[in-house]
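A short worksheet on the structure shown next.
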Amino acid sequence: MHTFVVYAPDYTHDGTLERRLLVRGQHLERIKSLKESGVITSGVLLFDPETFELPDEGQKMVGSLMIFSAETIGEVRQIIESDVYWTANVWDKDNLKIYPGK
């Protein structure tokens, strides 16, 4: 198995936050399953640094960071592209990056 880090920024255009919140439950259920199976070893929600110290309701979500354990980068890409944040156009498809790590 290999380690892969996925940086998945959100789109910045209007409506992205609303789409994120609408499908968040589905995303979190899937992530929980992937964590339980060991495919995802860690992950965090990313915030705009300028809003991070505000009360929770003022913090701006800007993306996701996940660490995968998988055989190939293609396997990781397939998992990402079947996630509801991908299909609902929350994650910025042009700027999402998958980095192999050791």
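What follows is calculated from the coordinates using simple rules that are stated; it is not laboratory data. All figures in this text were calculated on a predicted structure; none of them were measured in a lab. Ideal geometry is used to build each Cβ from the backbone, glycine not excepted, and the neighbour counts take in all protein chains shown.
For the residues Ser42, Ser64, Ser37, Ser33, the requirement of being surrounded by 15 or more Cβ atoms within 10 Å (Cβ to Cβ) and out of contact with any Gly (no Cβ under 6 Å at 6 or more places or on another chain) singles out Ser64.
Considering (1) in contact with a Pro (Cβ under 7 Å, 6 or more places away or on another chain); (2) closer than 16 Å to His27 by Cβ; (3) not aliphatic (A, V, I, L, M), the lone condition that Asn95 does not fulfil carries the number (2). Filtered by the rule that a residue be charged (D, E, K, R) and surrounded by 11 or more Cβ atoms within 10 Å (Cβ to Cβ), the range 6-28 gives Asp10, Arg19, Arg20, Arg24.
Gly15 meets the conditions (1) within 16 Å of Lys97 (Cα to Cα); (2) free of Cβ contacts under 8 Å to residues at least 60 places away in the same chain; (3) of a type outside the set (Ser, Thr, Tyr) in every case but one. The failed one is (1). Restricted to the range 81-102, and to residues there that are in contact with a helix residue (DSSP H, G or I) (Cβ under 6 Å, 6 or more places away or on another chain) and more than 14 Å from Tyr11 (Cβ to Cβ), the residue that is surrounded by the most Cβ atoms within 10 Å (Cβ to Cβ) is Val84.
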